[in-house]
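Contents: one structure, followed by commentary.
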Ligand code: DI6
Ligand code: FE
């Protein structure tokens with residue numbers, strides 16, 4: 001006897017084993033037991049199975065719950081003043097070099113406790129959830145000392161414990177050089193390698209380690225040292241690469257079996273080939289591209305050619321992507337980067353799961369996966385990216401339970 005049987009629905013399984021676009025099964029049904037999908041198919045194929053509860057969905061579309069695989073959701077304060085400066089002509093890089101930007105948020109973040117950080121992030125998380133998010137990656141990176149980074153990661157864990165959402169925490173150790181290390185770059189690197197990573201690994205506060213490989217961030221050599229250390233502590237790695245310039249970060253990440261390289265506007269074919277060989281995911285972040293009025297687009301054609309899976313995420317952060325709508329990112333991935341609606345949805349489901357090493361658990365509607373689902377009042381799945389910020393599902397199900 002199953003716990004739940006969802007009927008009277010169309011299903012965008014996003015499962016490549018289902019041959020239709022979106023892995024669609026029309027007039028389908030989903031059987032759920034113990035928080036997992038036990039069976040999915042046409043209604044007629046599931047007839048005869050009994051469940052404690054039969055849920056009629058009035059012809060709605062069911063998709064996997066959305067997975068936002070790149071966010072900086074936890075931070076203190078906000079950067080609306082910097083937004084105004086940029087409107088007056090200052091560039092993101094100029095503001096960063098003048099001691100604003102990320103470092104501005106570092107000051108506000110260090111001033112807050114883990115509890116206050118979670119409180120500030122809660123409305124943002126709730127907005128993402130209303131938009132259909134059932135799993136969210138959350139990076140640290142605005143603490144930049146061991147205690148403050150740990151406070152950020154504890155805030156992320158607390159959010160996951162308090163809400164029906166899965167949280168995947170990432171230590172973004174090399175985000176910006178903290179002001180107190182201005183003339184001592186190497187000392188900061190040593191703090192990260194000798195203290196921050198071991199502490200975070202020991203406490204089990206993060207699943208992965210990330211860095212910002214950029215002229216205004218960290219050099220490939222510094223990132224290499226970080227990745228060596230992370231790997232020795234059995235933490236996976238990922239990289240902000242090729243966002244504002246090309247430092248060959250994608251290829252570097254590939255050498256360390258990274259989960260993903262993210263942004264990639266300036267990536268070249270060699271980098272993408274390296275990603276393909278390493279089985280990495282390309283995480284596209286149209287919110288940051290839009291907010292910075294960038295013109296160079298990520299090389300989507302090359303990613304398709306080399307069959308690198310593309311994920312799409314909000315990059316929710318106070319500086320370059322104050323985005324609170326996952327469905328807006330589906331739309332922007334299509335309008336700005338020319339993804340198809342099917343590619344965009346795969347980017348926030350199946351491929352986003354792979355970017356978090358959770359592809360065995362979530363990301364498609366298939367037997368054995370967790371029953372994390374969204375139920376949408378749409379006529380066709382392409383509608384999810386057609387609306388410029390669809391308001392979200394009518395029902396969100398996490399581990400089989402309405403959430
Ligand atoms: N790339 C980004 O888009 C964000 N961090 C990063 O490494 C921006 C973070 C910020 O400006 O606060
Ligand atoms: Fe980011």
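The values are calculated or read from the model by the stated rules, or taken from the named source; none is laboratory data. The shown structure was predicted, so the numbers you read here are calculated from the model rather than taken from an experiment. Cβ coordinates were reconstructed from backbone atoms using ideal geometry, including for glycine residues, and neighbour counts include every protein chain displayed.
Cβ-Cβ under 6 Å, sequence separation 6+ or interchain: first residue in the range 193-220 and under 19 Å from residue 240 (Cβ atoms) and at pLDDT below 95, partner away from ligand 2 (no atom under 13 Å from the Cβ) and in a helix (DSSP H, G or I). Which pairs?
216/93; 216/96
Could you list all residues from the range 163-187 that are closer than 15 Å to residue 147 by Cβ and in contact with a strand residue (DSSP E or B) (Cβ under 9 Å, 6 or more places away or on another chain)?
If the condition is that a residue be closer than 15 Å to residue 147 by Cβ and in contact with a strand residue (DSSP E or B) (Cβ under 9 Å, 6 or more places away or on another chain), then 171, 173 are the ones that fit.
Given 67, 37, 30, which one is within 16 Å of ligand 2 (Cβ to nearest atom), within 19 Å of residue 374 (Cβ to Cβ) and either free of Cβ contacts under 8 Å to residues at least 40 places away in the same chain or in a strand (DSSP E or B) (or both)?
67 is the lone residue from the list that is within 16 Å of ligand 2 (Cβ to nearest atom), within 19 Å of residue 374 (Cβ to Cβ) and either free of Cβ contacts under 8 Å to residues at least 40 places away in the same chain or in a strand (DSSP E or B) (or both).
Conditions first: (1) within 15 Å of ligand 1 (Cβ to nearest atom); (2) out of contact with any helix residue (DSSP H, G or I) (no Cβ under 6 Å at 6 or more places or on another chain). Residue 150 passes all but one, so which condition is the exception?
(1)
Can you tell me how many residues in the range 1-24 are farther than 13 Å from residue 64 by Cβ and free of Cβ contacts under 8 Å to residues at least 40 places away in the same chain?
Counting residues in the range 1-24 that are farther than 13 Å from residue 64 by Cβ and free of Cβ contacts under 8 Å to residues at least 40 places away in the same chain gives 2.
So residue 292 clears everything in (1) within 14 Å of ligand 1 (Cβ to nearest atom); (2) modelled with pLDDT of 95 or more except one condition, right? Which one?
So the condition that residue 292 fails would be (2).
So, of the residues in the range 296-338 that are part of a loop (DSSP other than H, G, I, E, B) and in contact with a strand residue (DSSP E or B) (Cβ under 7 Å, 6 or more places away or on another chain), which turns out to be nearest to ligand 1 (Cβ to nearest atom)?
315
Being within 22 Å of the chain's Cα centre (by Cα) and on the phi > 0 side of the Ramachandran plot is the filter here, so list the residues in the range 366-399 that pass it.
Across the range 366-399, the qualifying residues are 389, 392, 399.
Within the range 288-320, which residues are within 13 Å of ligand 2 (Cβ to nearest atom), in contact (Cβ under 8 Å) with a residue 40 or more places away in the chain and more than 12 Å from the chain's Cα centre (by Cα)?
288, 289, 292, 318, 319, 320 - these are the residues of the range 288-320 that are within 13 Å of ligand 2 (Cβ to nearest atom), in contact (Cβ under 8 Å) with a residue 40 or more places away in the chain and more than 12 Å from the chain's Cα centre (by Cα).
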